[in-house]
Each structure stands twice: as C-alpha cells, then as structure tokens.
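As structure tokens, the structure follows; a few thoughts come after it.
The values are calculated or read from the model by the stated rules, or taken from the named source; none is laboratory data. Small disclaimer: the values here were computed from a predicted structure and weren't measured. Heads up, the Cβs are rebuilt from the backbone with ideal geometry, glycines too, and the neighbour counts pull from every protein chain shown.
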Amino acid sequence: MKKWYQNLTDNYPFLKFLGSRYTLVLIFFIVWMLFLDNQSLWDQRALNKQIDELEDNKTYYKEEIAKDEQSIKNLKNPGQTERYAREKYYMKKDSEDIYIIDIEDDRINDSIAEAKQ
C-alpha cells in the first residue's frame, strides 16, 4: 500500500501536499462550513434573498401608507369627500341625473395606468 502511494506521489508531486493530514483536515473543515453546517453558505444566501424581498416590501408599504395618509387628509375636507363619493361611487343628489359615458380608449388607458402601478 505504501509503495502504491509513493509511486503516485512521485508521478504527481501535488498529491504529496494534498495527502497531508493538515490539508485533508482543512479541506474537510471548508466543505463542512460551506455546505453541511446549519449556518452554511447556501442557507445564508437564501436568508439574504428573503431579507432583500422583505426590505423591498417594506419600502412599498411605506409608500402606500404615505399615499393613504394623503388621501385621508384630503377626505377630511367636506368638498373633497363629496367629490370622491361622486367620482368613485357615482353618488348623486336627489335632484340630479348622472350619465356615465364609457369610452373604450379610456378603459384601455386606465387599465394600462393601473398595471403600471
């Protein structure tokens, strides 16, 4: 057995270095830390991706909260409340008639604008 290893290391000198006890322990340690440990590199990458997604969600929701706060401020004004009710819910006074004209181009433009948001 020793002779076989000796012939192999004579033909390939780098195997002498790789066959060292310390090198084998170091390689085992690196493989263990990168792939097999509970806090391995792959687990850390997955956790970092989740953190990035959650931070993106956080900024999105902060922007939405700011928009909603602005809408709430606008709705505290009685004139704005009436305007909002008329535009969004098609409410009217008893003495009024409302005619809704729906144009195909407007619906397409509105759907494109909503998709961009």
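What to note about this one:
- Among the residues making up region 75-112, none is surrounded by 11 or more Cβ atoms within 10 Å (Cβ to Cβ), among the β-branched types (Val, Ile, Thr) and modelled with pLDDT under 75.
- Some residue of region 7-16 being of a type in the set (Val, Ile, Thr), free of Cβ contacts under 8 Å to residues at least 60 places away in the same chain and under 30 Å from TYR84 (Cβ atoms): no
- Qualifying residue in region 99-111 (condition: under 31 Å from the mean Cα position of the chain (by Cα) and acidic (Asp, Glu)): yes
- Set ILE72, ILE51, ILE27: member being of a type in the set (A, V, I, L, M), closer than 30 Å to LYS88 by Cβ and part of a helix (DSSP H, G or I): ILE72
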